[in-house]
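Trainee: Please see the structure below; I have some questions.
The values are calculated or read from the model by the stated rules, or taken from the named source; none is laboratory data. What you are looking at is a predicted structure, and each value in this text was computed from that prediction instead of being measured. Heads up, the Cβs are rebuilt from the backbone with ideal geometry, glycines too, and the neighbour counts pull from every protein chain shown.
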Amino acid sequence: MIKGIHHINLLVRDLDDAVARYRAQLGLPEPEYERLPGRGVETARFRIGESYLVLVMPTAEGEPARVLAEQGEGLFLLSLTTDDIEESMKQVVSGGGALTSEAPRAGVSDWRIIDLEPEKIAGGRIQLANSRA
């Protein structure tokens, strides 16, 4: 089911400033940028080994903007890699969990993602992801 960490999302107020700090302090290369108007965010993602570190700046109202306003910058969610997102969704539900939607949605780079209901998994913001082949 779970193969590893797909990506970690960190909320930031200023994407350009955050990218500059991450590059300077961690020696990361230039990231790939992407806007997700449907989610109301702009992103910058760094490839780190087999995973990604994604900086997320809210640009409109929505969950990322609400969490940033309430909790400030920092960890937003952990995304776990799965080869078969539909089977993993079934596992979550059969194991007593719940999903926040009926079907996966398109994320950054057309990744297929679906969020787990935080209250059912000890409060963590966790999602399942797989990349389209």
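Trainee: With farther than 22 Å from L75 by Cα and either out of contact with any strand residue (DSSP E or B) (no Cβ under 8 Å at 6 or more places or on another chain) or outside any helix (DSSP H, G or I) (or both) as the only criterion, which of K90, K120 stands out?
Mentor: Answer to the selection: K90.
Trainee: What are the pairs with Cβ atoms under 7 angstrom where one residue, in region 104-124, is within 20 Å of R39 (Cα to Cα) and the other, located anywhere, is aliphatic (A, V, I, L, M) and assigned to a loop (DSSP other than H, G, I, E, B)? Sequence gap at least six, or different chains.
Mentor: Pairs found: E117/A98.
Trainee: Among the numbered conditions (1) out of contact with any helix residue (DSSP H, G or I) (no Cβ under 6 Å at 6 or more places or on another chain); (2) hydroxyl-bearing (S, T, Y); (3) crowded, with 18+ Cβ neighbours inside 10 Å, tell me where Y33 comes up short.
Mentor: (3) is the only condition that Y33 fails.
Trainee: Going by the structure shown, is I2 hydrophobic (A, V, I, L, M, F, W, C), within 25 Å of K120 (Cα to Cα) and at pLDDT below 95?
Mentor: So I2 passes the test.
Trainee: Restricting to region 90-109, count the residues that are at pLDDT below 95 and under 17 Å from I5 (Cα atoms).
Mentor: 3
Trainee: Go through region 41-85 and give me each residue that's farther than 11 Å from H7 by Cα, surrounded by fewer than 16 Cβ atoms within 10 Å (Cβ to Cβ) and at pLDDT below 95.
Mentor: G62, D83, D84
Trainee: Does S101 satisfy the criteria of being touching a strand residue (DSSP E or B) at 6+ places or on another chain (Cβ under 6 Å) and of a type in the set (S, T, Y)?
Mentor: no
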